[in-house]
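First the structure, in the form of structure tokens, and then the observations on it.
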Amino acid sequence: MARAKKKNLAKKRTSPAGRIAREQSLAPEPNRLLKVWRRVLERRLRTRLKASVAVEVHDNTHTMLTFQRHRALWRVRLHHMFLVASDDIIQALADYVRHGDAQASVTLDRYIERNKAYIRRVTPAQMRKRLRLEPTGQHHDLGRIFERLNERYFRGRVDAAITYGPAPRVTQPRKSIKMGSYSADSRVIRIHPALDQPVVPRYFVESIVFHEMLHHVYRARRGEDGRRCIHPPEFLEHERRFHDHARARAWEQENLDLLLHARVMA
Ligand SMILES: [Zn+2]
């Protein structure tokens, strides 16, 4: 009690300028502010999606929005530019998340275009510095495969790095496997470590690397129906030019089980 009284007295004696200084020093720390803004966005999305929403805010440079449904919960990861979006943009976000609505997708693209000043500029080389690239493997040397494909099919013009991806922690039997991915942010191709086995033929690994190299060449674009198309017709046409395309696809059909059950050492 005595303490409280003392505090009150002290407050009375503070000059206006002193009070301003005090208030400034009480400004919420950035992390707390972000948490508040994130909660507000969650609420705005929740009322429109009529479902639970968990929002994660990031500062990515290429992928502005991803989402996934986990039973009754929507997990939405998005760029911080959406924290201050107006209601029509939030509605478009909800429509896109729920139905993949084409018109909503166009609205969101325009919003991103208008707000691109908020997108951090990072060179792929800067992003790559933070990654540990491990292209060598036990059986298939991705660096070599990449170089040879680059020479043979792209006149050495694919300026990307390649690595085996980290071994995913999967405890249950897999139903599908993502054998490769390409990040436009860092220009890094990641190959699933399950492919680094002697039973996986070289031509199959090559076909996966070739596919990811094509993602570097052909960026996702919008189809006639307004939907984002990550494998446009010219991509698929180009993919068939790989000399072992048919053999690789046939091997995949026959051996998918082998890949799904691969025990990958971390
Ligand atoms: Zn693909």
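The values are calculated or read from the model by the stated rules, or taken from the named source; none is laboratory data. Just so you know, these numbers come straight off a predicted model, no measurement behind them. Cβ: placed from backbone, ideal geometry, glycine included. Neighbour counts: every protein chain shown. Surface accessibility is based on the protein's heavy atoms, side chains included, excluding ligands, DNA and RNA. Shrake-Rupley method; radii C 1.70, N 1.55, O 1.52, S 1.80 Å.
Observations on the model:
- Mean separation of Cα contacts under 8 Å, 6 or more apart, over the residue count of segment 30-118: relative contact order %: 23
- Summarising the overall dimensions of segment 65-112 from its C-alpha atoms, the Rg and Dmax are 10.4, 30 angstrom.
- For segment 200-261, pairs of C-alpha atoms spaced more than 18 angstrom apart make up 44 percent of the total.
- Taking all protein chains together and a 1.4 Å probe, the residues Arg132, Arg190 rank Arg132, Arg190 from largest to smallest accessible area.
- Segment 97-184: relative contact order as a whole-number percent, Cα under 8 Å and 6+ apart: 22
- Label zone at Glu29 (point 7 Å along Cα-to-Cβ), backbone N below 16 Å, segment 79-105: none
- Long-range amide H partners of Val188 with built H, under 5 Å: Ala161, Ser183
- In plain terms, the bigger the Kirkwood radius, the slower the diffusion; for segment 124-260, with that radius from Cα pairs, at 10 °C and 1.306 mPa s, Stokes-Einstein puts D at 101 µm²/s.
- Here the Debye sum runs over all C-alpha atoms of segment 30-118 as equal scatterers in vacuum, and log10 of I(q)/I(0) at q = 0.11, 0.20 Å⁻¹ comes out as -0.27, -0.94.
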